[in-house]
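Below you'll find the structure, written out as structure tokens, and then a few comments.
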Amino acid sequence: MRVYAIGDIHGHLDLLRDMHRRIAEEIARDTPADWRIVHLGDLVDRGPDSSGVIAFLMNAAARDPRNVVLAGNHDVGFLDFLAEPDPDGLFARHGGRETALSYGVDLKMGDADSLRRSHRELAAAVPHSHLSFLRALPRSASFGDFFFCHAGIRPGIALERQDPEDLIWIRNEFLRYPGLHPKVVVHGHTPQAEPEVLANRVNVDTGVFHSGVLTALAVDGAEKRLMSVRIPGFSGRLR
């Protein structure tokens, strides 16, 4: 089986489409016996078209279930905000305004009344199908010798016993761990200027929202290789 793992998308539908186009061309050319495309979460926030990303991946997964979509902390944060609008939460403070704009809502949180109005408008604008899709996203997937999740795992805990919150939030305990895990962990969540390919983990989050680069890992037997698509002339900043 050939497996592609795509890093944090953050609303960049243009790059997601480009990556899928490249992958489709490879699959048509090479005709692997089987394949999966794993999306490592953080579909939303910060980028220009979170709504479009969700719709694209909903259609891709419905068309072929070999398109696997995992939850990231930003995806869960979006659902949390819709359930309970917290002006200090992840969604409100880290790119949720761009997500709201992709649904045609200008998120305003200057005071309690503005927050309530914005929340009502956004809750009305998000299709129920998008909510159902996000709520159903798994936190991990495993194929062969590789374990896929958004953030990482807690070392020393069996893969099947990992805390779902660790799978979308963990950083230092996982990133600094020097030993091997039961499987190689492929993840995103922690932006790096270049992808990290280590003995125990592979990080494909290249910070698309400030670098304009979306990265994926392709695994086919013993072969591992990196792929990237980028926005020409993009310049931005990390928020």
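The values are calculated or read from the model by the stated rules, or taken from the named source; none is laboratory data. A quick note: this is a predicted structure, and the numbers were derived from the prediction, not measured. Here Cβ is always computed from backbone atoms with ideal geometry, including for glycine, and neighbour counts include all displayed protein chains. Side chains are part of the model used for accessible areas, which takes the heavy atoms of the whole protein and leaves out ligands, DNA and RNA. Shrake-Rupley method; radii C 1.70, N 1.55, O 1.52, S 1.80 Å.
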* Structure fact -> Contact order relative to length for segment 150-207, counting C-alpha pairs under 8 Å separated by 6 or more residues, stands in percent at 32
* Asked: Taking amide H positions as placed 1.01 Å from N in the peptide plane, with prolines and chain starts having none, which residues 5 or more places from Arg36, or on another chain, fall under 5 Å of its amide H?
  -> Arg2, Val3, Tyr4
* To do: About the Cα centre of segment 56-212, how large is the charge dipole given +1 on each Lys and Arg Cβ and -1 on each Asp and Glu Cβ? Please answer in debye to the nearest 20.
  => 260
* To do: With a 10 Å radius around each residue's Cβ, average the other Cβ atoms per peptide and rank 35-45, 214-224, highest first.
  => 35-45, 214-224
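Whenever you get a sec, line up Met109, Met58 from highest to lowest accessible area (probe 1.4 Å, protein heavy atoms).
Details: Met109 65, Met58 45 Å².
Sorted descending by solvent-accessible area, the residues read Met109, Met58.
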* Per residue of segment 173-185, in order, report the coupling 6.51 cos²θ - 1.76 cosθ + 1.60 (Karplus, θ = phi - 60°) as ³J(HN,Hα) in whole Hz, putting x for Gly and Pro. => 4, 7, 5, 8, 6, x, x, 7, 9, x, 9, 5, 9
* **Karplus 3J(HN,Hα) series, Hz, for segment 126-141 with 6.51 cos²θ - 1.76 cosθ + 1.60 (x for Gly, Pro)** => 7, x, 4, 4, 5, 5, 4, 4, 5, 5, 8, 5, x, 9, 7, 8
* Which of the peptides 192-200, 84-92 is most tightly packed, and how do the rest follow, judged by the mean count of other Cβ atoms within 10 Å per residue? -> 84-92, 192-200
* Under a point-charge model restricted to the Cβ atoms of Lys and Arg (+1) and Asp and Glu (-1), what is the dipole moment magnitude of segment 121-181 relative to its Cα centre, in debye to the nearest 20? -> 60
* Asked: Tally Lys and Arg at +1 and Asp and Glu at -1 over the other residues with C-beta under 12 Å from the C-beta of Ala123: what net charge comes out?
  -> +1
* Asked: How large is ³J(HN,Hα) for each residue in segment 208-217, as worked out from phi by the Karplus curve 6.51 cos²θ - 1.76 cosθ + 1.60 (θ = phi - 60°), to whole Hz, x for Gly and Pro?
  -> 3, 6, 10, 9, x, 10, 9, 10, 9, 10
* Structure fact -> Given the candidates Ala24, Ser142, Ala158, the one whose Cα lies deepest towards the positive end of the charge dipole of the chain, counting +1 at each Lys or Arg C-beta and -1 at each Asp or Glu C-beta, is Ala24
* To do: Treat each spin label as a single point 7 Å out from the Cα along the C-beta direction, and report the Ala123 to Val197 distance in nm.
  => 4.8
* Low-density loop positions, trypsin sites (Lys or Arg not before Pro), segment 162-222 - DSSP coil, at most 12 other Cβ in 10 Å -> Arg171, Arg176
* Answer label for mean projected area of the Cα convex hull in nm² (calculated), chosen among (1) 15.2; (2) 17.1; (3) 12.9 -> (3)
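Could you grab the relative contact order for the chain? Cα pairs under 8 Å, six or more apart, rounded to a whole percent. Numbers along the way, then the final one.
Working: 482 pairs, mean separation 51.3, N = 239.
Contact order relative to length: 21 percent.
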* Return the single residue from Gly47, Gly179, Gly212 with maximal mean-square fluctuation; model: Gaussian network over the chain, springs between Cα atoms under 10 Å. => Gly179
